[in-house]
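J.: Mind having a look at this structure? Questions to follow.
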Amino acid sequence: MTRPEGAEAHHRALESLYAAAPINALFASRLEIPEPGVARIRFDVVPDHFHAAGAAHGTTYFKMLDDAAFYACNSLITDRFLLTTQFNLLLTRPLAAGPVVAEGRWVSGQRRVFVGDARLIAADGEEVARGTGTFMRSRIALAGLPGYRVG
């Protein structure tokens with residue numbers, strides 16, 4: 001088996017970085033970066049994510065939308081970690097327990113500031129939320145982060 005190179009190696013390293021993040025112990029999920037500017041996170045909403053009325057708390061919506069848009073944008077940057085500077089959410093329906101996919105994509109920006117958007121798709125195929133974020137290049141080198149391994 002050959003080692004991935006270039007963009008593919010960067011994408012696999014970002015997937016490893018995501019998997020190594022401690023927050024994901026609370027939100028079991030899996031990141032996929034199939035191509036530059038696109039990210040998908042597959043996860044299950046479980047009762048531990050519910051608010052008092054028995055549906056997913058807004059924390060779950062925000063985390064998955066932010067992560068999907070963020071990684072879609074960071075897939076285009078190989079040297080630095082991006083930081084979320086702003087994020088807008090539109091929650092259109094309650095999210096029950098079950099599988100969900102967060103689909104993120106890069107919208108614009110190529111140097112310092114990037115815009116990405118994402119949507120949550122429930123098991124029935126319906127969109128339940130969407131969000132748009134602004135992400136800024138930081139001084140944090142990707143190569144120094146735990147979990148980010150190229151090659």
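The values are calculated or read from the model by the stated rules, or taken from the named source; none is laboratory data. What you see is a predicted model; the values in this text were computed from it and never measured. Here the Cβ is made from the backbone with ideal geometry for all residues, glycine too, and neighbour counts use every protein chain on show. Keep in mind that these areas ignore ligands, DNA and RNA; they rest on the heavy atoms of the full protein, side chains included. Shrake-Rupley method; radii C 1.70, N 1.55, O 1.52, S 1.80 Å.
J.: Taking the alpha carbon gyration tensor of segment 1-77, what are the square roots of 5 times its eigenvalues, largest first, to the nearest whole Å?
T.: 28, 12, 9
J.: Write down the accessible area per residue of the chain in Å², having rolled a 1.4 Å probe over the full set of protein chains.
T.: Spelled out: the 1.4 Å probe surface of the chain, per residue, equals 54 Å².
J.: Which angle from 0 to 90°, rounded to the nearest 10, does the C-alpha axis of helix 6-20 make with the longest principal axis of the chain?
T.: Result, in degrees: 50.
J.: Which residues make up the longest stretch of the chain clear of GluC sites (Glu not before Pro) that lie in a DSSP loop with no more than 13 other Cβ atoms within 10 Å, not counting the sites?
T.: Counting only loop sites that pass the neighbour cut-off, the longest clear stretch is 6-125.
J.: Seen from all sides and averaged, what is the projected area of the convex hull of the Cα atoms in the chain, in nm²?
T.: 9.1
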